[in-house]
Amino acid sequence: MIKLTNVNKLYKGETYSIKALDDISLSVSEGEFLSVMRRSGSGKTTLLNLLGFLDVLTEGEFMFMGEDVSRLSPRQLWKYRKNHIGFIFQHFALIDHCTVYENVALPLNAGGISKKECKKRACESLEQLGISDLKDKYPGQISGGQKQRVAIARALVGRPKLILADEPTGALDYNTGLELMDIFEQIHKTGKTIIMVTHDKNIAQCTERIITIEDAKLISDCR
């Protein structure tokens, strides 16, 4: 599904030059569930942005589903992101003045899906995450664990092939984090490919494969 070959990412300014990814080569098969372990500043955000078509590489090759996406235009990247990627963030990224239902339906509304289909998919996604009863509540009225379930439902509603999760348990207590990992395992069993960034070894050990990035380099890949 994903193949990075000798990928480098360099950020340059008039007075600085920072290598955020240093000669990264990585393959991910469809249906894998893997974690990326890192320390702050290691390059994980850059890697996630690259895989989610939010950024472009400086050197190397990026193959996605058999196509070379290394040099796509911004509009082409947007189409890939809309059609294939679901994002989950540490601090949920919910819109406070929108209901749970509205937050989940938002990607579909932005993508021009019909109102009827939008409602069908959003309700299915809420039911899958066990939060149909929260659909009329606002983010400020629900717990952190419930907010993350809403964020996962929103990521799934577009039926993406790849789920990218950035520290999804980082804002949760230990037990709620483990409950969330059970949800990810159930999603994985449906055939989704999941790449999760975490600094928590206990969370990483719930995945099938652990990749470690340090100082912009991939230093280990354990199955």
Look at residue 48 and say whether it is open to solvent by less than 30 Å² (accessible area, probe 1.4 Å) and either of a type in the set (Ser, Thr, Tyr) or touching a strand residue (DSSP E or B) at 6+ places or on another chain (Cβ under 7 Å) (or both). yes
Of the criteria (1) open to solvent by 20 Å² or more (accessible area, probe 1.4 Å); (2) without any contact (Cβ under 8 Å) to a residue 24 or more places away in the chain, which one residue 5 fails: (2)
Go through the range 50-72 and give me each residue that's assigned to a loop (DSSP other than H, G, I, E, B) and among the hydrophobic types (A, V, I, L, M, F, W, C). 53, 54, 56, 57, 65, 69, 72
Scanning the range 59-107 for residues that are among the small types (Gly, Ala, Ser) and open to solvent by 30 Å² or more (accessible area, probe 1.4 Å), which turns out modelled with the lowest pLDDT? 73
Qualifying residue in the range 124-145 (condition: part of a loop (DSSP other than H, G, I, E, B), of a type in the set (Lys, Arg) and modelled with pLDDT of 95 or more): yes
Strands (runs of 3 or more DSSP E) within the range 1-49 that include 1 or more residues of a type in the set (Gly, Ala, Ser): 17-28, 33-38
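The values are calculated or read from the model by the stated rules, or taken from the named source; none is laboratory data. Just so you know, these numbers come straight off a predicted model, no measurement behind them. Note that we place each Cβ from the backbone using ideal geometry, even for glycine, and neighbour counts take in every protein chain shown. Side chains are part of the model used for accessible areas, which takes the heavy atoms of the whole protein and leaves out ligands, DNA and RNA. Shrake-Rupley method; radii C 1.70, N 1.55, O 1.52, S 1.80 Å.
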